[in-house]
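The next block holds one structure in the form of structure tokens; read it before the comments.
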Amino acid sequence: MQPTEVKRVISVNVGMPREARVQNTSVLTAIFKSPVEGRVALKGINLVGDRQADRTVHGGPYKAVYLYPSEHYAYWAEQLPGMELPFGSFGENLTSMGIREESVCIGDTFRIGSAVLQVTQPRMPCYKLGIRFGRPDMVRRFWLSGRSGIYFSIVQEGELGAGDSIVQAGSGPEQISVSDVVRLALSEEKDPEMLARAMRAPLYGGWKDLLYSRG
């Protein structure tokens, strides 16, 4: 019998909005996250010490916590040779081990520390990812890679920290993975059955409108 892969948080990362220079102008962004030690509280729609610069497209109840699998860092190290990639480089709040987009479904709930989080949507990258990496092609590269990361809402406030286990507490109603949603958005081929499940799932952030327009 294969051993069960341990799912855990390996880094908790936060950041506040700051000005970033882009050509001849400045942009307010909170994509620059840094690892923090100790326990971090999740309250309302944020981790304590973390904020979003533009709430019209970032943050809110269905993008309260962003997780990015540490397993993706090896891929990006090959894609971006010579670039330093500390945890938090993709603007994620939680860098994880053992939990990936293909194994997590929309609506799944997880207990991390004393908090409970629910999977709400993949990440749709915006131009600020290009600012973070200093290359405008990064948005397209990130999107086409299929390595979207996972957004969560906060079901139960609590505290978490690096080293905490990620324990599944409930399953989404439609069993459609985060990767399935991204594939539906990227693929030219139609999958009516999967699209129907996506439309029934607790999927947020404009994804249903996007998928419907493509379906």
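Just so you know, all these numbers are worked out from the coordinates, no wet-lab data involved. It should be emphasised that the depicted structure is a prediction, and the values quoted were computed from it without experimental measurement. No Cβ is skipped: glycine too gets one built from the backbone with ideal geometry, and neighbour counts run over all protein chains shown.
Below are the figures for this structure:
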read-out: For the chain, the spread of Cα positions along each principal axis, largest first, Å; value: 47, 39, 36
read-out: Using a Förster distance of 30 Å, the FRET efficiency for S114-R140 (Cβ separation, nearest 0.05); value: 0.20
read-out: Stretch gain in nm, segment S165-A196, where the contour uses 0.36 nm per residue and the Cα spacing is subtracted; value: 7.9 nm
read-out: Size descriptor, Kirkwood hydrodynamic radius, that averages inverse alpha-carbon separations across the range 154-198, Å; value: 13.4 Å
read-out: Out-of-range pairs (alpha-carbon distance over 29 Å; input K43/K208; K128/K190; K43/K128; K7/K63); value: K128/K190
read-out: Net charge of neighbours whose Cβ lies under 12 Å from the Cβ of S177, counting Lys and Arg as +1 and Asp and Glu as -1; value: -2
read-out: Efficiency of FRET between Q156 and L186 - r from beta-carbon atoms, R0 30 angstrom, step 0.05; value: 0.35
read-out: Antiparallel DSSP beta bridges within the chain, percent to nearest 5; value: 90 percent
